[in-house]
1. Conditions: (1) hydrophobic (A, V, I, L, M, F, W, C); (2) at pLDDT 90 or above; (3) open to solvent by 40 Å² or more (accessible area, probe 1.4 Å); (4) under 21 Å from the mean Cα position of the chain (by Cα). VAL348 meets all but one. Number of the miss?
2. Taking the range 368-385, which residues are open to solvent by 60 Å² or more (accessible area, probe 1.4 Å) and at pLDDT 90 or above?
3. Could you please let me know if SER263 is hydroxyl-bearing (Ser, Thr, Tyr), more than 25 Å from PRO117 (Cβ to Cβ) and open to solvent by 40 Å² or more (accessible area, probe 1.4 Å)?
4. Return the only residue of PHE527, PHE540 being modelled with pLDDT under 90 and under 29 Å from SER263 (Cβ atoms).
5. I'd like the residue in the range 391-430 that is hydroxyl-bearing (Ser, Thr, Tyr) and touching a Lys or Arg at 6+ places or on another chain (Cβ under 9 Å) and, out of all such residues, is surrounded by the fewest Cβ atoms within 10 Å (Cβ to Cβ).
6. So which residues in the range 284-308 are free of Cβ contacts under 8 Å to residues at least 60 places away in the same chain and not in a loop (DSSP other than H, G, I, E, B)?
7. So SER388 ticks every box in (1) within 18 Å of ARG562 (Cα to Cα); (2) surrounded by fewer than 19 Cβ atoms within 10 Å (Cβ to Cβ); (3) modelled with pLDDT of 90 or more but one. Which box is left unticked?
Amino acid sequence: MANVLCPLTIVTSYVFRNEPQLVSKFSGNTHSHVWLPCIRTRNSARNHFQLRSSNGHPLNAVSSHDGLPGSALTTQDGKPLPVEGSFPLLDSECTGSNLTITVVGASGDLAKKKIFPALFALFYEDWLPENFLVFGFSRTKMTDEELRNMISKTLTCRIDKRENCEDKMDQFLKRCFYHSGQYNSEDHFSELDNKLKEKEGGKLSNRLFYLSIPPNIFVDVVRCASLKASSENGWTRVIVEKPFGRDSESSSELTRCLKQYLSEDQIFRIDHYLGKELVENLSVLRFSNLVFEPLWSRNYIRNVQLIFSEDFGTEGRGGYFDNYGIIRDIMQNHLLQILALFAMETPVSLDAEDIRNEKVKVLRSMRPLELENVVVGQYKGHSKGSKSYPAYTDDPTVPNGSLTPTFAAAALFIDNARWDGVPFLMKAGKALHTKRAEIRVQFRHVPGNLYKKNFGTDLDKATNELVLRVQPDEAIYLKINNKVPGLGMRLDRSDLNLLFRARYQREIPDAYERLLLDAIEGERRLFIRSDELDAAWALFTPLLKEIENKKIAPELYPYGSRGPVGAHYLAARHNVRWGDVGSEDS
């Protein structure tokens, strides 16, 4: 008997930075066309892009492919035609401008482990403009050479592409400099500005500041940088790391203070989960595959689950974590942003404002969170064999008797026509049995299923489920029912599986690479707008205040377990079974 294959073709997004999708890349000082852009765009939805700086200076570029013979934007003799609203950047203009990236808090863990390696990866793949500089700024006394030694310990080259690795590292490190100063000192930022101007050599300069610092000093740094170290002839942008406040009031106050010195277009609020490959793929999967979009509503979807778990505890970061807890740290930002992307209506275009408008509509349509739809937990000490695991309160940086939750589960509802009555279940926790982040979509049962007797009493086994695994081992798989080969009629639940590391034999870029490049290009689609932030805090602030005012004691769960039992009762109350508790997903 011949093998029978049932192919299913779906469209997914997977663009590698070292592949010129629509535009050609830099190669040393050689440009393939005089209209080569200073920064390559990755948006394949258009063949040219326009960047407008936050303070009014245009930074526009046209894809070099637009000037190729046979292109819609060429004349018969192959010469490029101007694009309306865009301005060609000649070689002299490309080589005449600078990009300076200043990492504020350069001696911290985030800078060392994520930001500098991401910048090197962009340089390694030729995504940065020819004239770029990287400056570190922090209170730590350090020389340029000491900064380079610190950075070099965390730099790695692509696994799939290691040629000239050492040379690339040396070239990158030569572009890295350091200035020590106090975060609230305008004089020290004025000194930084003088150093930047010296390196920029009087050319057009665009400046990006990455605030890798605690939120209580955001405003001081923004004030000093805005007044003393802004670009005088290009754009100035600031990337701000979460947390964006602790509640609606503190978040609004932070936004108000930042906007004393920056416009909304200059502020890039980063949520690194929005830069992850599978989160980026969510919209492509839905809007580019006819098989999914008609099913994306209450008519076919029974519930949606957003699951985040870590298999380690606070591990010395308990002092920071205790001020926020798992709801503020994970649910109010990472998971809620993914929920908004998942549930939004089809945007008018892929423009950042169109997408963010639809996300805000989702957040404003959500039913207020009630305490009865929330379960909080905290991990306790646990021994397994000869190994002992500490409780959350065993962390010396955590106050004795802390009630801060390290686990939370919640049922949320969107009161609109598409999602009315569909429970969106969130679950996030530390010190659980596995590390994972995924979106699980459970579809409704087949009405009048002819094969229901083959599933016995457990109709959940007959449920189709779409899973987008964000980490680890990025994958998209669809659970379907099929017949087991043989003479009898025995049904089996199988996966149609797109495992990214098997399908794409290359390393997936880190989320910080994507988001840093977006900020450089002025692409705001994956950054959080102030009204999005307001709507998110409006949903969670009343719940957080109630938990803290009533001193709700978290349910204890053993380190390394699946979390509090109460989470399963919460799901059962809404006729849902968590998709990550089956034997096949353990």
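1. In the conditions (1) hydrophobic (A, V, I, L, M, F, W, C); (2) at pLDDT 90 or above; (3) open to solvent by 40 Å² or more (accessible area, probe 1.4 Å); (4) under 21 Å from the mean Cα position of the chain (by Cα), VAL348 misses (4) alone.
2. Of everything in the range 368-385, those that are open to solvent by 60 Å² or more (accessible area, probe 1.4 Å) and at pLDDT 90 or above turn out to be PRO368, GLU370, GLU372, LYS380.
3. Details: hydroxyl-bearing (Ser, Thr, Tyr): yes; more than 25 Å from PRO117 (Cβ to Cβ): yes; open to solvent by 40 Å² or more (accessible area, probe 1.4 Å): yes.
So SER263 passes the test.
4. PHE527
5. Step one: list which residues in the range 391-430 are hydroxyl-bearing (Ser, Thr, Tyr), which gives 392-393, 397, 402, 404, 406.
From what is left, the residues that are touching a Lys or Arg at 6+ places or on another chain (Cβ under 9 Å) are 392-393, 397, 406.
Values: TYR392: 26, THR393: 19, THR397: 13, THR406: 31.
Among those that are hydroxyl-bearing (Ser, Thr, Tyr) and touching a Lys or Arg at 6+ places or on another chain (Cβ under 9 Å), it is THR397.
6. ARG286, PHE287, GLU293, PRO294
7. Checking SER388 against (1) within 18 Å of ARG562 (Cα to Cα); (2) surrounded by fewer than 19 Cβ atoms within 10 Å (Cβ to Cβ); (3) modelled with pLDDT of 90 or more, the one that fails is (3).
Let's see how each residue does on (1) open to solvent by 40 Å² or more (accessible area, probe 1.4 Å); (2) at pLDDT 90 or above; (3) under 22 Å from SER205 (Cα atoms):
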{"position": "LEU99", "(1), (2), (3)": "no, yes, yes"}
{"position": "THR102", "(1), (2), (3)": "no, yes, yes"}
{"position": "ASP109", "(1), (2), (3)": "yes, no, no"}
{"position": "LYS114", "(1), (2), (3)": "yes, yes, no"}
{"position": "ALA118", "(1), (2), (3)": "no, yes, yes"}
{"position": "VAL134", "(1), (2), (3)": "no, yes, yes"}
{"position": "PHE137", "(1), (2), (3)": "no, yes, yes"}
{"position": "ASP144", "(1), (2), (3)": "yes, yes, yes"}
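The values are calculated or read from the model by the stated rules, or taken from the named source; none is laboratory data. The shown structure was predicted, so the numbers you read here are calculated from the model rather than taken from an experiment. Note that each Cβ is placed from the backbone with ideal geometry, even for glycine, and that neighbours are counted across all protein chains shown. Side chains included, ligands, DNA and RNA excluded: accessible areas come from the protein's heavy atoms. Shrake-Rupley method; radii C 1.70, N 1.55, O 1.52, S 1.80 Å.
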